[in-house]
Amino acid sequence: MNSFIGSVKNYFKRNAGILIGLIAICVVVSVRSPRFLTQENLMNVLRQISSNMYLASAMTMILIAGGIDLSVGSVVAITGVTAGTLLQMGLPIPAVILICLVLGGIYGSINGFILVNTTLPPFIVTYSMMQILRGATYVYTGGTTVRIDDRAFTALGTGYAFGFLPLPVIYLMVVLLIVFLVLNKTQLGRHIYAVGGNEKAAKFSGINIKRTRMFVFVFSGIMGALAGLVLCARNYSGNPLAGDGAEMDAIAACVLGGASMAGGYGFIGGTLIGALIIGIMNNGLNLMRIDSYWQIILKGVVILIAVYVDYLKNLKKSKA
């Protein structure tokens, strides 16, 4: 019991700054728009951030390991059109889900295979994969959406548990639990931190760096596929434009939550708060009827501030 209380205290202490920011945003939005605190709107916010959090959960592990994955947004898009096509072919829903998740893992494994066997930068490799998958999606669909009429499938993204909790939030709870356990309760999690913190030291201590890095990229591909499945179920279609810029939102959530772009540091609890800040900010700006162009600018400012704070923390560590 004492260890649990201590963990809770450490969580609030570690994330005090962004928690204050989250509360401040909630107060401002609720004052400007009474609709914000309604149950319907809050559940809508949770549903909206769930897709970002699937990606951000994997991105947290990748950043901790010292990498980055820019291809996840394109995985979202190609998964949606793949799911729509498979459903139109008459495949059962469990088979569609399994195939899409396996394909997501394969996309991630391609990134991982190239990165662990070369010295190419993760930014370049995953950016190339982003372009390849997005282009393949456009070529296959001709730029048009693939309609999904299977109500049982669309219920996976639009349905509710217990009459009020969106199903995507249930999936998110499972994902968060898995990532938390991997990072905090397993040897693999310790290896992920070690590889990102000091690769040479990790290698000398006997850690299999290739296997560790391969895992985080495969997991990222699977989470991209999960986000794509949920998003196409929510939208009743697979859209080649789906997931455009999603990688940036995922990275922003991680950095806002305290994950270091330099590797070796990050926590899934902080990423969740970062995703909430982005989701509530998007929702609040819409409720306050702020022009969409200004929303893009404000989101960019928030991301820039987050990266600058990360820079200051790393600068302070290097001087210590």
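The values are calculated or read from the model by the stated rules, or taken from the named source; none is laboratory data. This is a predicted model, so every value here is computed, not measured. Virtual Cβ from ideal backbone geometry, glycine too; neighbours counted across all protein chains shown.
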> Going by the structure shown, is residue 163 modelled with pLDDT under 95 and either outside any helix (DSSP H, G or I) or within 26 Å of residue 246 (Cα to Cα) (or both)?
Replying inline: yes
>> Go through the stretch 256-296 and report how many residues are of a type in the set (A, V, I, L, M, F, W, C), assigned to a helix (DSSP H, G or I) and touching a residue at least 60 places away in the same chain (Cβ under 8 Å).
In response: 11
> Can you tell me which residues in the stretch 229-248 are assigned to a helix (DSSP H, G or I) and crowded, with 24+ Cβ neighbours inside 10 Å?
Replying inline: 229, 230, 231, 232, 233, 246, 247
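Quick check on residue 106: is it of a type in the set (Val, Ile, Thr), in contact (Cβ under 8 Å) with a residue 40 or more places away in the chain, within 26 Å of residue 211 (Cα to Cα) and not in a helix (DSSP H, G or I)?
On the way: of a type in the set (Val, Ile, Thr): yes; in contact (Cβ under 8 Å) with a residue 40 or more places away in the chain: yes; within 26 Å of residue 211 (Cα to Cα): yes; not in a helix (DSSP H, G or I): no.
Answer is no for this residue.
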> Are any residues in the stretch 1-60 in contact (Cβ under 8 Å) with a residue 24 or more places away in the chain, more than 29 Å from residue 212 (Cα to Cα), out of contact with any Leu (no Cβ under 6 Å at 6 or more places or on another chain) and among the small types (Gly, Ala, Ser), and if so, which ones?
Replying inline: 21
> If you scan the stretch 74-101, which residues turn out to be without any contact (Cβ under 8 Å) to a residue 40 or more places away in the chain and part of a helix (DSSP H, G or I)?
Replying inline: 86, 94, 95, 98, 99
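Would you pick out the residues in the stretch 109-130 that are assigned to a helix (DSSP H, G or I) and either touching a Cys at 6+ places or on another chain (Cβ under 8 Å) or loosely packed, with under 13 Cβ neighbours inside 10 Å (or both)? Talk me through it step by step, then tell me what you get.
Applying the first criterion (assigned to a helix (DSSP H, G or I)) to the stretch 109-130 yields 109-117, 122-130.
Scanning the stretch 109-130 gives 117, 123, 124.
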> Somewhere in the stretch 169-188, is a residue free of Cβ contacts under 8 Å to residues at least 24 places away in the same chain and among the aromatic types (Phe, Trp, Tyr)?
Replying inline: no
>> Return the residues of the stretch 153-168 that are without any contact (Cβ under 8 Å) to a residue 40 or more places away in the chain and among the small types (Gly, Ala, Ser); say none if nothing qualifies.
In response: 159, 161, 163
